[in-house]
Amino acid sequence: MATLLVKNIGCLQTPVGSYSHKGKQQAENLKLQNAAILIEDGIIKEITSDGILPSEAEDAETVIDAEGNLVTPGLVEGHTHMVFGGYRQNEIPLKLKGAGYLDILRAGGGILDTVRKTRAASFEELYQKTEGFLDEMMGLGVTTCEGKSGYGLDFDTEVKMLEVLKKLNADHPMDIVATFMGAHAIPEEYKGRADEFINMLCEELLPYVKEHGLAEFADVFTEDSVFNYEQSKKYLECAKACGFDLKIHADEIEAIGGSVLAGEMGAVSCEHLIAINEEGLTSMAKAGTTAMCLPATSFYLGADFAPARKMIEMGIPVAMASDFNPGSCPSLNLQFVMNLGCLKYKLLPEEILTAVTINPACAINSGHLVGTLEQGKQGDLVIWNAPNMEMLCYRFGSNLALQVIKKGNLV
């Protein structure tokens, strides 16, 4: 029986519960002073405060002194595209000359450029590259993450990407939840035949991915020049019939009905939402769909920021993620996302903690395991070089994660 004691915690701050927090709940954090946590075989056994140690503290095999620092749950990264070949730094001159995201895509670049490189990459190349990203993310305080396919857009490469995630989930300390996003773009060989591509995904890939346990979620990019409302609905209906839970990339550039569809289909989360309108907000609020907001993408693209404050006021659970990918957000730093949540979304530190822990955890069906520090949940936590959450929101550009603990093990 492996036991770990973390003592002398200046402030232990955590949301509470295994559900998505919305409205006023978004700012409800438990704060314990001079606290301690006892973890046994990877599971939190006891949490104490006010200088009182857990009842079995003396028997702990390993003891970590938090030295009066802040401790929070391990961060949960709810949206990444971390399996890909190559990079896209070559697009910077185009962007500096005024080319937009869709301009580059229409010219055969963007996602399609990454598709070509990902198809050419071997399983081992993708595995090693993604493993490095996971190490970097964990060093920044992330202990659970989501990862999407979508840079294959053909049978073999989509399966290859998902198999990389499956093996890394088995091999790496990080818990990884996989999302199948075959409907990420229209591949060059299907140019002008988007309906046929959707049919192929529905008839071949969705059933195969589900049968082989390669992904828990299915996602689609509902956007101008990608997939329209009707195509997205057909894809999601097929995914739902196969047993997938649903996600939607929507309203990143134009509101063409993606967020409305998210509510109609009962999607677990809807991602981006920069251009969301009142109809979309109302649909998501009614359905309880989580808004997966991606402020680092807005920052990198020089775009507007999603109306996160309004979402909270309307009772929509708000989560924040990096959207790490080679094109529109080449950063996996969730700490920077927290900074942007404060500076651009005007969220409170408590709301921000909820947005990077329990809400994304619930958006990847992991809220019963992670996202809060409570008895019976996994012993995933971060000791920060900070006295409180305000410091994490205030400092940017530095890694403030002192020690990261995953399932009771220092990583």
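The values are calculated or read from the model by the stated rules, or taken from the named source; none is laboratory data. Worth saying up front: this structure is predicted, and the values here are computed from it rather than measured. We place every Cβ from the backbone using ideal geometry, glycine too, and count neighbours over all the protein chains shown.
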Looking only at the stretch 114-144, which residues are touching a residue at least 60 places away in the same chain (Cβ under 8 Å) and more than 30 Å from Lys407 (Cα to Cα)? Thr114, Val115
Being within 12 Å of Val83 (Cβ to Cβ) and acidic (Asp, Glu) is the filter here, so list the residues in the stretch 161-198 that pass it. Glu163
Flagged pairs (Cβ under 6 angstrom, 6 or more apart or on separate chains; first in the stretch 1-17, part of a loop (DSSP other than H, G, I, E, B); second of a type in the set (A, V, I, L, M, F, W, C)) are Pro15/Ile358; Val16/Leu30
Checked the stretch 148-171 for anything in contact with a strand residue (DSSP E or B) (Cβ under 8 Å, 6 or more places away or on another chain) and among the polar types (S, T, N, Q); matches are Ser149, Asn169
List the pairs whose first member sits in the stretch 382-411 and is outside the structural domain of Met338 (by TED's automatic domain parsing), whose second member is loosely packed, with under 15 Cβ neighbours inside 10 Å and part of a helix (DSSP H, G or I), and whose Cβ atoms are under 8 Å apart, counting only residues at least 6 apart or on separate chains? Asn399/Gly139; Ala401/Gly139; Val404/Gly139
Could you tell me whether any residue of the stretch 390-410 is more than 23 Å from Leu340 (Cβ to Cβ), more than 18 Å from the chain's Cα centre (by Cα), assigned to a loop (DSSP other than H, G, I, E, B) and not aliphatic (A, V, I, L, M)? yes
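Inspect the stretch 27-41 for any residue being farther than 18 Å from Lys406 by Cβ, assigned by TED's automatic domain parsing to the domain that holds Asp380 and assigned to a helix (DSSP H, G or I) and give the result as yes or no.
The initial filter retains those residues of the stretch 27-41 that are farther than 18 Å from Lys406 by Cβ, namely 27-36.
When the remaining residues are screened for being assigned by TED's automatic domain parsing to the domain that holds Asp380, the result is 27-36.
Checking which are assigned to a helix (DSSP H, G or I) leaves us with 27.
Looking for residues that are farther than 18 Å from Lys406 by Cβ, assigned by TED's automatic domain parsing to the domain that holds Asp380 and assigned to a helix (DSSP H, G or I), one finds at least one in the stretch 27-41, hence yes.
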Does Asp323 meet the test of being among the acidic types (Asp, Glu) and surrounded by 20 or more Cβ atoms within 10 Å (Cβ to Cβ)? yes
Any residue in the stretch 183-201 that is in the same structural domain as Ser232 (by TED's automatic domain parsing) sitting within a Cβ distance under 8 Å of a residue that is at pLDDT below 95 and in a helix (DSSP H, G or I)? List the pairs, counting only those 6 or more apart or interchain. His184/Ile111; Ala185/Leu105; Ala185/Ile111; Ala185/Leu112; Pro187/Leu112; Glu188/Leu112
Check off (1) closer than 21 Å to Cys270 by Cα; (2) part of a loop (DSSP other than H, G, I, E, B) for Thr179 and give me the number that stays unchecked. (2)
Residue hits (the stretch 369-389; assigned to a loop (DSSP other than H, G, I, E, B), under 13 Å from Gln13 (Cα atoms) and of a type in the set (A, V, I, L, M, F, W, C)) are Leu373, Ala386
